[in-house]
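Heads up: the structure comes next, in structure tokens.
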Amino acid sequence: MKEYIIRRVIDVSNYIIDTGSTVRETAKLFKISKSTVHKDCTERLSVVDRHLYKQVKKILNINLAERHLRGGEATRKKYLKKRKIVSV
């Protein structure tokens, strides 16, 4: 694995651990695709640093379990915003 990829994998993983952010938020911050973040955290990290991998995996599992809640909240906000525009 190339050095810049190893560095990115570690940086992305540390960011997720420090902030608890989602794959989407992390991808936006690092200006890489969601697929790259996911592959970095699930496949490449297990080779680079097993301990870090276990920490990131816990956070990704929590985010996966809460995903439906965030999606529901986003939909609620979307329709509330539309309602305000129509009623004005």
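Select from region 29-49 the residues that are part of a helix (DSSP H, G or I) and either acidic (Asp, Glu) or in contact with a Cys (Cβ under 7 Å, 6 or more places away or on another chain) (or both) and list them in ascending order.
Filtering region 29-49 for residues part of a helix (DSSP H, G or I) gives 29-30, 34-48.
Answer for region 29-49, where residues must be part of a helix (DSSP H, G or I) and either acidic (Asp, Glu) or in contact with a Cys (Cβ under 7 Å, 6 or more places away or on another chain) (or both): Asp40, Glu43.
If you go through region 77-88 one residue at a time, do you hit one that is among the charged types (D, E, K, R) and either touching a residue at least 40 places away in the same chain (Cβ under 8 Å) or at positive phi (or both)? I'd like the intermediate steps shown before the answer.
Pass one, region 77-88, residues among the charged types (D, E, K, R): 77-78, 81-84.
From the residues that got through so far, the ones that are either touching a residue at least 40 places away in the same chain (Cβ under 8 Å) or at positive phi (or both) too are none.
No: region 77-88 contains no residue that is among the charged types (D, E, K, R) and either touching a residue at least 40 places away in the same chain (Cβ under 8 Å) or at positive phi (or both).
Collect the residues in region 10-28 that are out of contact with any Leu (no Cβ under 8 Å at 6 or more places or on another chain) and in a helix (DSSP H, G or I), keeping them in residue-number order. Can you show your working first?
First pass over region 10-28, keeping only residues out of contact with any Leu (no Cβ under 8 Å at 6 or more places or on another chain): 11-12, 18-20, 22, 24-28.
Asp11, Val12, Asp18, Thr19, Arg24, Glu25, Thr26, Ala27, Lys28 - these are the residues of region 10-28 that are out of contact with any Leu (no Cβ under 8 Å at 6 or more places or on another chain) and in a helix (DSSP H, G or I).
Kindly list the number of the only condition in (1) among the aliphatic types (A, V, I, L, M); (2) exposed (fewer than 14 other Cβ atoms within 10 Å of the Cβ); (3) at pLDDT 95 or above that fails for Leu69.
Against the list (1) among the aliphatic types (A, V, I, L, M); (2) exposed (fewer than 14 other Cβ atoms within 10 Å of the Cβ); (3) at pLDDT 95 or above, Leu69 comes up short only on (3).
Looking at Val47, Val56, which one is in contact (Cβ under 8 Å) with a residue 40 or more places away in the chain, more than 9 Å from the chain's Cα centre (by Cα) and exposed (fewer than 15 other Cβ atoms within 10 Å of the Cβ)? So that I can check it myself, show each step before the final result.
Numbers: Val56 fails: exposed (fewer than 15 other Cβ atoms within 10 Å of the Cβ).
That would be Val47, the only listed residue that is in contact (Cβ under 8 Å) with a residue 40 or more places away in the chain, more than 9 Å from the chain's Cα centre (by Cα) and exposed (fewer than 15 other Cβ atoms within 10 Å of the Cβ).
Can you spot a residue in region 62-76 that is in a helix (DSSP H, G or I), within 26 Å of Tyr15 (Cβ to Cβ), among the hydrophobic types (A, V, I, L, M, F, W, C) and touching a residue at least 24 places away in the same chain (Cβ under 8 Å)?
The answer is yes, given that some residue of region 62-76 is in a helix (DSSP H, G or I), within 26 Å of Tyr15 (Cβ to Cβ), among the hydrophobic types (A, V, I, L, M, F, W, C) and touching a residue at least 24 places away in the same chain (Cβ under 8 Å).
Per-residue answers, yes or no, for (1) under 25 Å from Leu69 (Cβ atoms); (2) at pLDDT 95 or above:
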{"position": "Glu3", "(1), (2)": "no, yes"}
{"position": "Thr22", "(1), (2)": "yes, no"}
{"position": "Thr36", "(1), (2)": "no, yes"}
{"position": "Gln55", "(1), (2)": "yes, yes"}
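What are the pairs with Cβ atoms under 9 angstrom where one residue, in region 1-18, is over 19 Å from Asn63 (Cα atoms) and the other, located anywhere, is part of a loop (DSSP other than H, G, I, E, B) and not charged (D, E, K, R)? Sequence gap at least six, or different chains.
Final answer for the pair search is Arg8/Ile32.
The values are calculated or read from the model by the stated rules, or taken from the named source; none is laboratory data. Keep in mind that what you see is a predicted model, and the values were worked out from it rather than measured. FYI the Cβ positions are ideal-geometry reconstructions off the backbone, even for glycines, and counts take in every protein chain you see.
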